Amino acid sequence: MQDPTNLVNKFGIQAPSPLHAVTLPEGNHGYSLYVKRDDLLHPIISGNKWRKLQGHLHKMQTSGMTKCISFGGGFSNHLHALGYCCKQLDIDLTAIVRGDYNHQLTPMLQDLAHWGATLTFVDRKTYQLRDDPNYLAQLSKTHPEANLIPEGGSDTLALSGVAALLDEIPNLDHFDYLLCPVASAGTFAALAKGMKDRNSRCQLIGIAMLKGEGYLEELASRLLPNGFNLPPILHRFHCGGYAKKPDYLEAFCQALTQSGEVPVEPVYSGKLFYALQQLTQAKYFPRGSAILALHTGGLQGAR
Ligand SMILES: *Cc1c(COP(=O)(O)O)cnc(C)c1O
């Protein structure tokens, strides 16, 4: 990142985010568990979305671009974070939203509308074209000069902003493992590359938030240099699929939040810590390992 300071100050980002020890509701089974609290970076801009968007925001600021287009579902933390940033920076945002929420805006879409974004609702079929070069060329034609940002803000411009969080960790090599959630895989890819660039011995493990074995690895690989050796993604903790909230997951989230250790919601951070609990219970890691979990934010999504 050439000059993140300007934006950091402008938005009042509280970096570095805190890192502290955590005890899970059913104990830690002899492991040392920690959390890096990117949920505390900003009250509105969701943690990893701030990390991912910095590159794009910086690009738009320095090149004087005043329009952008992006994509997401009706509950998207990405669109929400981007909408807030665009409002602050006087950038016109067109949000292409999957599904028709015209008659009943979600709380996130209400915020977006309030911040002046143009909401364009498209059906699933059209939404599936979100990465299609012809569709994007068409969009560029109808919205000249607009900066296109992919779903989740996950593209190569996102990598260095996310990887920078590793430099906030005082002793990265103290940790044996770093766990992060995986959805559009931008965060995971960025951390994988960041670990490698920093020669860290700490092992990254991705936790899939949705059913996507093979697909998520492909998404991550697309953002990384050819032949990059991808760290593992574990696919057995999606709890039924994206944003699915079975009772056991809700109960776990409630227990962890109410314990006062760390607040979580069921779509991302709750699943990540649920996975951590299952893995430690099963003694998945070598005895005595120090494990750091990245809390990526998203608590606004609990509305
Ligand atoms: C978007 C999001 C993720 C997923 O990150 P990807 O880079 O899309 O894999 C994780 N946690 C939260 C809170 C998010 O909003």
- Among P231, V267, A293 the positive-end extreme of the charge dipole of the chain (Cβ point charges): P231
- Query: Whole-Hz Karplus ³J(HN,Hα) for the stretch 120-129, in order, using 6.51 cos²θ - 1.76 cosθ + 1.60 and θ = phi - 60°, x for Gly and Pro?
  - Reply: 10, 8, 10, 6, 4, 5, 5, 4, 4, 7
- Run the quick spin-label model on Q281 and T118: label points 7 Å from Cα toward the beta carbon, then report their separation in nm to one decimal. 5.0
- Quick one: work out the % antiparallel among DSSP beta bridges in the chain, nearest 5. 10
- Taking max minus min of the Cα coordinates of the stretch 111-168 on each principal axis, largest first, gives extents in Å of 40, 31, 25
- Distant-in-sequence amide H partners of L178 (H built 1.01 Å from N, under 5 Å): Q203, L204, I205, L292
- Rounded to the nearest 10 degrees, the helix 77-89 long axis (Cα) sits at an angle to the longest Cα principal axis of the chain of 50
- Sorted largest first, extent of the stretch 164-278 alpha carbons per principal axis (Å): 41, 33, 20
- Task: For the stretch 11-56, compute Rh as the Kirkwood radius over C-alpha pairs and then the Stokes-Einstein diffusion coefficient at 37 °C and 0.692 mPa s; write the answer in µm²/s, rounded to an integer.
- Result: 270
- Item | the stretch 1-109: C-alpha pair distances exceeding 23 Å, % | 40
- Does anyone have the angle between helix 269-281 and the longest principal axis of the chain? Alpha-carbon axes, 0 to 90°, nearest 10? 20
- Note on the structure: Ranked on Cβ counts within 10 Å of their own Cβ, fewest leading, H235, H114 go H114, H235
- Note on the structure: Under the 7 Å Cα-to-Cβ spin-label approximation, E168 and E250 lie apart by a distance in nanometres of 3.2
- Message: Test of understanding: what is the full-extension gain from R236 to Q203, defined as 0.36 nm times their sequence separation minus their Cα-Cα distance?
- Response: 10.0 nm
- Message: What are the ³J(HN,Hα) couplings of the stretch 202-211, residue after residue, when phi is run through the Karplus curve with 6.51, -1.76, 1.60 and θ = phi - 60°? Round to Hz, x for glycine and proline.
- Response: 5, 9, 7, 10, x, 10, 5, 8, 8, 6
- Item | 20 Å binning of all Cα-Cα separations within the chain, expressed as whole percents from 0 upward | 34, 59, 7
- Item | Binned Cα-Cα distances of the stretch 238-289, short to long, each 10 Å bin given as a whole percent | 26, 49, 23, 1
- Query: Straight-line reach from K87: which lysines have Cα under 30 Å away, leaving out those fewer than 8 places along the same chain?
  - Reply: K10, K36, K49, K52, K59, K67, K125, K141
- May I ask for the angle, rounded to the nearest 10°, between helix 186-197 and the longest principal axis of the chain, with both axes built from Cα atoms and the value confined to 0 to 90°? 60
- At R0 = 45 Å the Cβ-Cβ FRET efficiency linking Q138 and H29, nearest 0.05, sits at 0.25
- Taking the dipole of the stretch 128-260 about the Cα centre (Lys, Arg +1; Asp, Glu -1; charges at Cβ), the one of L191, N171, I207 that reaches farthest to the positive side is I207
- Using the count of nearby Cβ atoms within 10 Å as a rough guide to exposure, how do V182, V262 rank from fewest to most? V262, V182
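Quick note: the coordinates plus some simple rules give every number you see, no bench work behind them. All values derive from a computational prediction rather than experimental measurement. Cβ atoms come from the backbone with ideal geometry, glycine included; neighbour counts cover every protein chain shown.
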